[in-house]
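Enquirer: Just passing along the structure, written as structure tokens.
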Amino acid sequence: MTEDSYLTIAAPAEAQYTEKRSRFLAFAFPVTSEEEALSHVAELRRKYFDARHVCWAYKLGAKGERTRSNDDGEPSGTAGKPILGQITSLGLTQVFVAVVRYFGGVKLGTSGLIVAYREAAREALEAAEQKEKILYEELTITFGYPLLGDVMRMVKEAGAAIRMQDFAESCRLTVSLRGTDAAILRQRLSAIYGVALAEEDKTPET
């Protein structure tokens, strides 16, 4: 991955892992918020109401900066962390994984649980198609009419898409382009006296 992209999954996927008659149903979803992730938890609890545990983890943000995991009654660190570890090991973010456990009557022990939740999560994630998401950045450029030709030429050369333009009193453009290209355009425009720049939030490609 580059500085202006991240790796996620393209669509939901699932897998099943069995150990000593305990069944582990694993589900992976692409998500963009904690609320979306928790809605999947609620949905799985309704669907698999007779299961003993619904353990889960997620990683959010373009750099995977927000994480959370839940053992849902399993011994601490035996379920949520192994699930999260698989998301991390595959270099993914904006991903939620849940593992539903049906107890088979035989205790697996701490190490057995860690292996089972880890393997179930890994199989669900490996069943999913991976997708690179590009981060785009918006720049708002304000300048006087005499600079119109130079600014428009630079915007075109950068391959930026014009989202808004206003030439009523002075010239004002909002453009969108890939993050690494935005850094170059910003540097070029900053060198022109009379050009003012305002940055907007980075947004992922849809």
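The values are calculated or read from the model by the stated rules, or taken from the named source; none is laboratory data. If you're wondering where the values come from, they're calculated on a predicted model, not measured in any experiment. As a convention, Cβ positions derive from the backbone with ideal geometry for all residues, glycine included, and neighbour counts pool all protein chains shown. Remember, those area values only see protein heavy atoms, side chains included, never the ligands or the DNA or RNA. Shrake-Rupley method; radii C 1.70, N 1.55, O 1.52, S 1.80 Å.
Enquirer: With N set to the residue count of the chain, report its C-alpha Rg divided by 2.2 N^0.38 Å to two decimal places.
Expert: After normalising by residue count via 2.2 N^0.38 Å, the value is 1.40.
Enquirer: Round to a whole number: what % of the accessible area of the chain belongs to carbon and sulfur, probe 1.4 Å?
Expert: So the carbon and sulfur contribution to the accessible surface is 49 percent.
Enquirer: Could I ask something else about it? Enter the Cα centre distance for the pair the stretch 1-57 and the stretch 153-197, rounded to the nearest angstrom.
Expert: 41 Å
Enquirer: Distance check, please: which entries in Lys59/Lys107; Lys59/Lys131; Lys47/Lys131 exceed 21 angstrom between their Cα atoms?
Expert: The answer is Lys59/Lys107; Lys47/Lys131.
Enquirer: Provide the FRET efficiency to the nearest 0.05 for the Ser5-Asp50 pair, computing r from the beta carbons and using R0 = 35 Å.
Expert: Here the calculated transfer efficiency is 0.25.
Enquirer: Give the peptides 97-109, 4-16, 166-178, 40-52 in descending order of average Cβ contacts within 10 Å, highest first.
Expert: 97-109, 4-16, 166-178, 40-52
Enquirer: With n ≥ 4 as the cut-off for DSSP H runs, can you work out [θ] at 222 nm for the chain, using -39500 (n - 2.57) per run divided by the number of residues, rounded to the nearest 500?
Expert: Value at 222 nm, helices only: -10000 deg cm²/dmol.
Enquirer: Explain nothing, just the number: relative contact order of the stretch 120-206, from Cα pairs under 8 Å at least 6 residues apart, as a whole percent.
Expert: For the stretch 120-206, the relative contact order is 43 percent.
Enquirer: So what is the accessible area of the chain per residue, in Å², with the probe set to 1.4 Å?
Expert: Roughly 52 Å² per residue, with all protein chains present.
Enquirer: Can you give the FRET efficiency to the nearest 0.05 for Arg163 and Ser111, using r as the Cβ-Cβ distance and R₀ = 45 Å?
Expert: 0.25
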